[in-house]
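All of the numbers you see were taken from the coordinates with simple rules; none came from a lab. Predicted, not measured: the structure shown is a model, and the values here were computed from it. Every residue, glycine as well, gets a Cβ built from its backbone with ideal geometry; the counts of neighbours run over all protein chains shown.
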Amino acid sequence: MFVAQIEFKRIQTFLFSSSRLHDMVAANALLAKTIRYDLVVAAIAIEKAILPDKTLLCGNDSDALAELGILSRDGGHFYALFSSCSNAKRFIAEARTILINNLAGLTVHTRIFNEACGADDVPFETMTLPSLTPLTLFKKCEQSNIGVAEQKSKRTQDLEKKIKISQQTALKNNYYKQLTTYKKAPDEDQNIEATQEDTQANEDRIVADFASAISTDFVSQGYTLPTSFDKLVDDDYLAVISADGNNMGQRFIAHRNKKEETQSGTFSDKQRIAEAFFGSAREQLKSAVKQGIIATFKHLPLKSTMPFQVLMLGGDDLLLVCQAKYAFELVKHIDSYLSSTPIADNKPLTMSFGVCIASHNLPFYRLHYAAEKLNASAKVKARGTPDTEVQPSCVDWQIVTQAWLDNPINARKQQQIKVTKINDSTETLLLSQKPYLLGEHKEFNDIMSLAAQFLPASHQDATLPLGDPTAAEEAQHHIMSRAHVYQLMHTLPLGWRQTELLINKMIARDKQHAELKVTDDNDSASPAPNTLCALFQALAKVDSNKAGYAFYPLQGASNYYTTKLGDVLELVSLQYLSREKEVS
């Protein structure tokens, strides 16, 4: 038996070559359909007279596909098993044609090797899929500004007139149209022929990736797919969430070594072990993302525009965008669902999340870059957690309100570490404790809870997914004004003495005005709940702080002070970003 192997490189470059949300979603759908469906059909057709049902080809039954010779088709890898070397060469030739037509510009590595001999001594052949060179005499694609314009586009809702586009863009538009034109259930006055046509149109669609599948699920229920970042964020900021599985390589090696087939099995046997392990992680992540989205956006009104979009989900990697105020609730829900179900090694999948929040007018490649840097920072925290069999999930984030963003970790070192001189000594302030561990009874839950309490009553409902109407009834007591929040944020870098002094002044003022609360029902007085004193005492308890409300000294370090208050206030300020845009 011979194995045809294809490795796909620079996938993210292909997906995000255009900065338009429409093109990113379409590129992901086209890429998945090409690799997970078209190549599978081409490989099976070479040795099988009859193709299996489309449901099997679009599904995720790795064992059934392995019986048909498809050993892997996810994670940027494609392995197909053939009875002869000539059939394998024929497949590589057909695959080249398919890839040139659909994924021009992508780089792939191919090789064919005998399963019995292994692949160690067989070199790869690099194949760059050609595309028309954008010479100055050629008109550029007017939609993506990438590639040569070869044909006119069809008029769409977001295009007032026809424009000249490249063949690649035309393919992307075709797959995007499939996601947005789901035929809903017929009305009573709709004729039978129209109903049959709609049903057939739905059945003929090929949805080969999770990002497209969840989009079509929401579209089929009556929601609208956002065609641009501007429509997705509405009056909010944009959150770019990048996530990656923790320690998956070492976990797979440990899992593989426990299998008997590892030593004596064929390449196909070993590949099945790998596919079973990573496939289970992939399915758990898909399920967790879907359940997390449903839980976070359960109050989304029908026929409204979806405030989120999954851009990429492959293996244990995830990239999605959403409105900023829902980002951390979504991360918490995804992690909660992941922690409740184990994967193939009987341990839950844990992930590191990087969340970059900024204006959607900033270049997307910078937001994506920052989210990945924050993801890497969270991984460092997860790896450094002692005495854990499985590295815990972790989250790091950055909120950017300026017109540009640099490396978020370098920016944190410059902005969140302050050295002040007191008499003849110096004091170092660490204004942030990011990243934070996720999960039940973890530190991120504590600061999220505190952030919700620090919000004024008019905003406490915003911390719940899409304004749960019950929250407005429960949040009746004014806690801290917006001015207090920003005053505290600007005082933190001045030092722990100034911060503690301000907090004590705020508490004293709050006690003067809120010791007694007159109820609306009668003139009797009752103690006011949720005072500032109680909030800052809760903060001190979270920080295990016995010296003051905000800062506390680091153990084993002289004249070093740190606090979680800055991170809490940053989460609180997130609720005001959209209000600033509304006023403007």
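Test of understanding: what is the full-extension gain from Gln537 to Met489, defined as 0.36 nm times their sequence separation minus their Cα-Cα distance?
In short, 15.5 nm is gained.
Take peptides 102-109, 364-371, 393-400 and line them up by average Cβ neighbours within 10 Å, highest first, as a rough protection proxy.
393-400, 364-371, 102-109
So who's got an amide H within less than 5 Å of the one on Thr305, skipping anything under 5 residues away but keeping other chains? H placed 1.01 Å off N, in plane.
Answer set, sorted by chain and number: Thr224.
Work out how much length Ala508 to Glu150 would gain on full extension: take 0.36 nm times their residue separation and subtract the Cα-Cα distance, in nm to one decimal.
My answer for the length gained is 121.8 nm.
Which lysines, on any chain, are close to Lys421 with Cα under 26 Å apart, when same-chain ones fewer than 8 places away are left out?
The reachable lysines, counting only those whose Cα sits under 26 Å from Lys421, are Lys413, Lys434, Lys505, Lys546, Lys564.
If the chain between Ile98 and Asn247 were fully stretched, how many nm would it gain, using 0.36 nm times the residue separation less the Cα-Cα distance? Before the final figure, lay out the partial values.
Working: separation 149, 0.36 × 149 = 53.64 nm, distance 3.48 nm.
My answer for the length gained is 50.2 nm.
Once a ≥ b ≥ c are taken as the square roots of the eigenvalues of the Cα gyration tensor of the range 1-130, is the result rounded (a/c under 1.5), prolate (a/b larger than b/c) or oblate (a/b not larger than b/c)? Can you show the working numbers first?
Details: a/c = 2.03, a/b = 1.34, b/c = 1.52.
Since a/c reaches 1.5 but b/c is at least a/b, the shape of the range 1-130 is classed as oblate.
Among rounded, prolate and oblate, which fits the range 293-362 when a ≥ b ≥ c are the square roots of the eigenvalues of its C-alpha gyration tensor, a/c under 1.5 means rounded, and a/b larger than b/c means prolate? Please list the in-between numbers first.
Values: a/c = 2.24, a/b = 1.56, b/c = 1.43.
Prolate, since a/c reaches 1.5 and a/b exceeds b/c.
So what's the net charge close to Gln498: Lys and Arg +1, Asp and Glu -1, counting the other residues with Cβ under 15 Å from its Cβ?
Every neighbour counted, the sum reads +2.
Once the dipole of the range 1-73 is set up with Lys and Arg at +1 and Asp and Glu at -1 on Cβ about the Cα centre, which of Ala27, Phe16, Leu57 lies farthest towards its positive end?
Most positive-ward Cα: Phe16.
Going by average Cβ density within 10 Å per residue, which order do the peptides 76-82, 423-429 take, highest to lowest?
76-82, 423-429
Give me the distance in nm between label points sitting 7 Å out from Cα along the Cα-to-Cβ direction at Lys9 and Arg256, one decimal.
With each label point 7 Å from Cα toward Cβ, the separation is 2.1 nm.
Give the calculated FRET efficiency between Thr266 and Leu51 to the nearest 0.05, with a Förster radius of 25 Å applied to their Cβ-Cβ distance. Mind showing how you got there, number by number?
Working: r = 26 Å, r/R0 = 1.02.
Efficiency at R0 = 25 Å is approximately 0.45.
Would you please put 277-288, 405-416 in order of how densely packed they are, using the mean number of other Cβ atoms within 10 angstrom per residue and starting with the highest? It would help to have the intermediate numbers written out before the result.
Details: 277-288: 20.3, 405-416: 14.4.
Descending packing order for the listed peptides: 277-288, 405-416.
Rounded to the nearest 20 debye, what is the charge dipole size of the range 1-128 about its Cα centre when +1 sits on each Lys and Arg Cβ and -1 on each Asp and Glu Cβ?
480
Can you figure out the FRET efficiency of Lys162 with Lys231, using R₀ = 25 Å and their beta-carbon distance, to the nearest 0.05? Let's see the in-between values first.
Values: r = 22 Å, r/R0 = 0.87.
My answer for the efficiency is 0.70.
Given H placed on each backbone N at 1.01 Å, which residues far from Met480 in sequence or on other chains put an amide H within less than 5 Å of it?
Ala457
Under the classification rounded if a/c is under 1.5, otherwise prolate if a/b is larger than b/c and oblate if not, where does the range 354-458 fall, given a ≥ b ≥ c as square roots of the Cα gyration tensor eigenvalues?
rounded
What lysines does Lys162 reach when the alpha-carbon gap must be under 29 Å and sequence neighbours fewer than 8 apart in one chain are set aside?
Lys33, Lys139, Lys140, Lys152, Lys154, Lys172, Lys177, Lys183, Lys184, Lys231, Lys303
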